Amino acid sequence: MSAPTLTSSARNRLLDVGARATPAREHVLEILLAATRALSHQEIEAAARKQGFNFDRVTLYRVLDWLVTQQLAHKIEGQDRVWRFNAITVTSTEHGHAHFHCTRCGQVFCLEQLEPSFAVTLPAGFRFEKAELTIQGICPSCATD
Ligand SMILES: [Zn+2]
Ligand SMILES: [Zn+2]
């Protein structure tokens, strides 16, 4: 994982939506793209600080909301009522995707390859709009403990 590649991919995504690639937008998106799971505000703040970026909380909240409205990221409310964010890497997420909530460590993972296809087989007369499926269980790193 080399930083230059990540930077250019975050920047390309911003340019794709016709947005101005400000350092804050680019950096937050980069953190989300590099993450293997959904991150809370706190975790994003900590990751940024570790890389020498210091956002004030207001900027971070604003950037995250903006990324969500631009559909570059999505947010998930965990069972613990904490909002977590992750980059949207697949464009064909019309039907959304499932999430996995680890009941041991509380982390939330995006299962982008798992589309809740049951929702498409609705009885006659029902029209599908959106499905949110969260699977509860034990994540790989907790399972090995
Ligand atoms: Zn876990
Ligand atoms: Zn997700």
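Every number here is computed from the coordinates shown, using simple stated rules; none is lab data. These figures come from a predicted structure and were not determined experimentally. With ideal geometry, Cβ positions are generated from the backbone for all residues, glycine too; neighbour counts draw on all protein chains shown.
Quick notes on this one:
- Two-site FRET efficiency, Arg62 against Thr89, from Cβ-Cβ distance with R₀ of 22 Å, rounded to 0.05: 0.45
- Protection proxy ranking, peptides 97-106, 25-34, average beta carbon neighbours within 10 Å, highest first: 25-34, 97-106
- Förster-model FRET efficiency, 25 Å R0, Asn54 and Thr103, C-beta, rounded to 0.05: 0.15
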